[in-house]
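Have a look at the structure below before the remarks.
The values are calculated or read from the model by the stated rules, or taken from the named source; none is laboratory data. Bear in mind that the values here come from a model prediction, so they are computed numbers and not experimental data. Backbone-built Cβ (ideal geometry, glycine too); neighbour counts: all protein chains shown. Note: areas computed on protein heavy atoms with side chains; ligands, DNA, RNA excluded. Shrake-Rupley method; radii C 1.70, N 1.55, O 1.52, S 1.80 Å.
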Amino acid sequence: MSEHINNREYRKQVLKEIIRQLHEGKSVDEVKDQFEKTFGGVSAREIAEVEQALVAEGLPVTEIQRLCDVHAAVFKGSIEEIHQPIDQSHVPGHPANVLKLENRYIEQLINTDIKPHLEKLPEAFANLQAGMQALAEIDLHYLRKENIIFPYMERYGLVAPTQVMWGVHDEIRAQVKEVLELMAEHGASAPGLKEKTETAIDRVLEMIFKEEQILLPMLFEHLTLDEWRRIAADSEEMGYMIENVPRWGVDEVAQPTLGAEKLEAPAPGSINLPSGVLTVDQLIAMLNTLPFDITFVDKEGVVRYFSEGEERIFPRARSVIGRHVANCHPPASVHVVEKIIEDLKAGKKDHEDFWIKMKDAYVLIRYFAVRSSEGEFMGVLEVSQNIKPIQEITGEKRLISDN
């Protein structure tokens, strides 16, 4: 149940319970452990917001004031200090802090590796090109905003700002790309090179201003500590423009079990995955819609699953489930299958590929070792696909066709 608890509501209930205990005569020392367990790693600003929500629900301010001594006992400070907003962008490793660190890096890049060389063309062309190539890495900075930060904003109804900012991101990307293409094609004599470069870097600097003066204040107003923590974890996985990003110290603070804060309760029988929630029917339909066949064999060599798409490359009957994979192949080729599994299981390889012609199809067969996050071998995934239509693709397609 804990994974479905909204953290704000949970904390309100904890505060109510602590207030009730204080009202009934319990001492500060008797309740401070419960308070610290729930709020020890939460910002003072968020605690104040929870308290304000309780007041808005009709709880007398005098009851909230009973918590003052508890605050002081836990945080070792005055009530004024506890409730004083903290500029999270100054906290090393906080996502807001990392965003600002990257912005300082971008500014330095523009001021030292781009602008000075613009004034020294054509002699400084190579240095200018290197600077613009480094600036193109800003794509990662924008990708983190679009894919990690914007979803949280949208949960609070802040859709228009994300759409506007994303559109500007794409314009900046296109402008930087245009400059790099001009450089590659025409070199230092590229028409309009100086003007187009100046336009691109001006847009980048304007975006930095919007991030720090508009975006961050908006995020500080709405996001909880738990949401910032998830943003930090996802950001670390996606990566940064800069090296040696400091780890956020909040990871070292004991935290209560965090709720998933879903937008809606998962339906009964849903499968909870780290990156989403699916019903069984959705999962079946999704796997059968994949443009390739998949078969999973567990670590004991037993067939446990295969997809059932409309256009199958190799025939499979449901009676194969529970059958040992060695018995699913003719004697002449079973040794090949066993060797593949042996190598994948032993860690000698992570995958093995084969490709064969079958009538009008050109089939790519891939075997992947499936391992747990700890590296434990869990089985083998076989993926088969007719790649002939892919090989025939030429040029580009950027528009939707009628057929």
Counting only residues in the stretch 92-117 that are on the phi < 0 side of the Ramachandran plot and not in a helix (DSSP H, G or I), the one surrounded by the fewest Cβ atoms within 10 Å (Cβ to Cβ) is identified as P92
With the first residue restricted to the stretch 345-359 and required to be touching a residue at least 40 places away in the same chain (Cβ under 8 Å) and within 24 Å of N386 (Cα to Cα), and the second required to be open to solvent by less than 70 Å² (accessible area, probe 1.4 Å) and not basic (K, R), Cβ contacts under 9 Å at 6 or more apart or on different chains are M358/I313; M358/N386
Picking from E396, E376, E382, E392, the residue that is open to solvent by 60 Å² or more (accessible area, probe 1.4 Å) and either within 19 Å of K299 (Cα to Cα) or touching a Cys at 6+ places or on another chain (Cβ under 7 Å) (or both) would be E376
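Here is a yes/no grid of residues against (1) of a type outside the set (V, I, T); (2) touching a Phe, Trp or Tyr at 6+ places or on another chain (Cβ under 8 Å); (3) surrounded by 14 or more Cβ atoms within 10 Å (Cβ to Cβ); (4) farther than 25 Å from S89 by Cα:
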{"position": "E119", "(1), (2), (3), (4)": "yes, no, no, yes"}
{"position": "E137", "(1), (2), (3), (4)": "yes, no, yes, no"}
{"position": "Y152", "(1), (2), (3), (4)": "yes, no, yes, no"}
{"position": "G157", "(1), (2), (3), (4)": "yes, no, no, no"}
{"position": "Q163", "(1), (2), (3), (4)": "yes, no, no, no"}
{"position": "L182", "(1), (2), (3), (4)": "yes, no, yes, yes"}
{"position": "A190", "(1), (2), (3), (4)": "yes, no, yes, yes"}
{"position": "E212", "(1), (2), (3), (4)": "yes, no, yes, no"}
{"position": "D226", "(1), (2), (3), (4)": "yes, no, yes, no"}
Output for Cβ contacts, cut-off 6 Å, separation at least six or different chains, first residue within 12 Å of I110 (Cα to Cα) in the stretch 124-140, second not in a helix (DSSP H, G or I), reads G131/I114
